[in-house]
Structure formats: structure tokens, C-alpha cells
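Q: Please read through the structure below; I'll follow up with questions.
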Amino acid sequence: MAKAQRRARIARVGLIVVSTDRGLCGPLNSRLLMRCAESLNDRQRGGMEADVIGARGAGPLMRHGANIVARTAALSADLHFESFFGAVTVPLSDFLAGQLDEVYVAYNHLSSALSYEPRIDRILPLGELLREGDEGQHAAGAVRTEYLYEPSPKPVVDALLLRYVEALIYQAVAENNACEQCARMFAMQTATENADRVIRDLRHLYQKTRQAQITTELCEIVGDAARRSSGAAAQTAAAKAAATRLNRSTNPDSA
């Protein structure tokens, strides 16, 4: 981590993309991957390596021409760091070896219980973060403490800084997971409301269709009864006329 200072020329950039393993969480992944695609287009000439955490991020990035060097899916429910350790070690090792000049992490930041926003934060080099810590130490009233390091400060500080960067990535994964649960809850609530509306409309349509069918059947029954009644009356009248003619033919005196 001794190379944690900003480098004069930024040639290659590493991007750790935190996505989800499952869908049905609204535009959570699509908005984040759109931001990553825009950043990828800006960095295309210099080169960018993408390390994807989650199953939903690799496909869209590959379609945008991203160079995916590591991917991790099937994250554990309790978010053990070991479950995505492989996708984290690759960019960190490349940065320490001088193959990457900057490392960013892309994730969804939870603003509130119902709102989130995609973010891309730089985690390496640590220059700005270390300067913020120094400003806090030199603030008014701050107490400066001397520490003893064994065997020497450099390996201890390097190990601590590495753990610190890993903690930043873990925080991004945990925050993205919280956004996933909130987004899925909101998406399922919206889907339930839409389904209730569709069921209500279909029930109304069914009742209208059933009422129209019953009305048609009643009209057919009434019409058939009317036809039968008129037919019976006509037959009765014809029978009476025939009987009258027969009576006249047999009894001429009755005419």
C-alpha cells in the first residue's frame, strides 16, 4: 500500500461492480449498470478492468465491451467477506503491482428506506481519504497519540490499509444488499397493487359478460315462450274454424 498516492498519469482503471444475484428488484441493477456503462465509455481508450460481484452485472457489462477479469455470484445470505473475496483481491493485487492506476467501486447508496442512488466511489489510491484523516487529527482540540509498531511501521500500516480498503468494499456490498431488499419490497408492493387492479378489472368484465349472457338467455326463453303461446292460439283458432265448417256441412239447417 506504499503506492497509495495519486499517480501522475492515469492509464488503466479497475472497477468493482456490486450487483445482485436475483432480479425482481426494480431498476436497481439497470440504473447502476447504466452509470458503469457511461464510465466505461469515458475510459474505453485508457482501458478499464471490471470485477463483478453478483450474477446480474456481468452480462450487461460484457455487452458494453467491458473487460471482466473476475466475477463472483451466489453471495451468502449473511454476506461473509469470503464469499466475494476473489473479486476483491484481483483489483487490489493489480493496483499493488502497478498494473492499475485507480480502483473504483460501483454500488447503490441507500439514501432512505424508499430511495437509493447509484454511486461510483474511488477507493484507491487513498490520498484523499488519508488527507481527510490528517485534517481530523490536526483539528482544534485534537490529541495526537504516538504508537509503537512491531516489527516496524510500514508492514503494519500496509496491512491495516489493506484491511481498510476491504472494509470499504464490504460496506459497499452491504449497502447494496440493503438497497436490494428495499427495492424488492417496493417492487413487490407495486406488483401486488397492479395485480389487484387487474383482478378487479377482470372481475368487473366477468360480471358484465355474465350479466349480458343471462339477459340474452332470458330474452331467448321469453321469445320462445311467446312464439309457443302465439302458435297455440293460432292452432286453437284454426281448430274452432274447422269445427264450425264441419258443423255447417253436417247440419245445413243450422246455417
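The values are calculated or read from the model by the stated rules, or taken from the named source; none is laboratory data. This structure is a prediction, so every number in the text was calculated from the model and none was measured. Glycine gets a Cβ as well: all are built from the backbone with ideal geometry, and neighbour counts include every protein chain shown.
Q: If you go through the range 108-135 one residue at a time, how many are modelled with pLDDT of 85 or more and out of contact with any strand residue (DSSP E or B) (no Cβ under 9 Å at 6 or more places or on another chain)?
A: Selection size over the range 108-135: 1.
Q: Output the qualifying pairs, or none if there are none: Cβ atoms under 8 angstrom, residues six or more apart or on different chains, first residue in the range 147-161 and farther than 20 Å from SER93 by Cβ and without any contact (Cβ under 8 Å) to a residue 12 or more places away in the chain, second residue of a type outside the set (Asp, Glu) and in a helix (DSSP H, G or I).
A: These pairs meet every condition: TYR149/VAL156; TYR149/VAL157; GLU150/VAL156.
Q: Here is a further query. What number of residues within the range 169-185 are buried (at least 17 other Cβ atoms within 10 Å of the Cβ), under 16 Å from GLU117 (Cβ atoms) and within 13 Å of the chain's Cα centre (by Cα)?
A: 6
Q: Look at GLY141 and say whether it is part of a loop (DSSP other than H, G, I, E, B), at pLDDT below 80 and exposed (fewer than 11 other Cβ atoms within 10 Å of the Cβ).
A: yes
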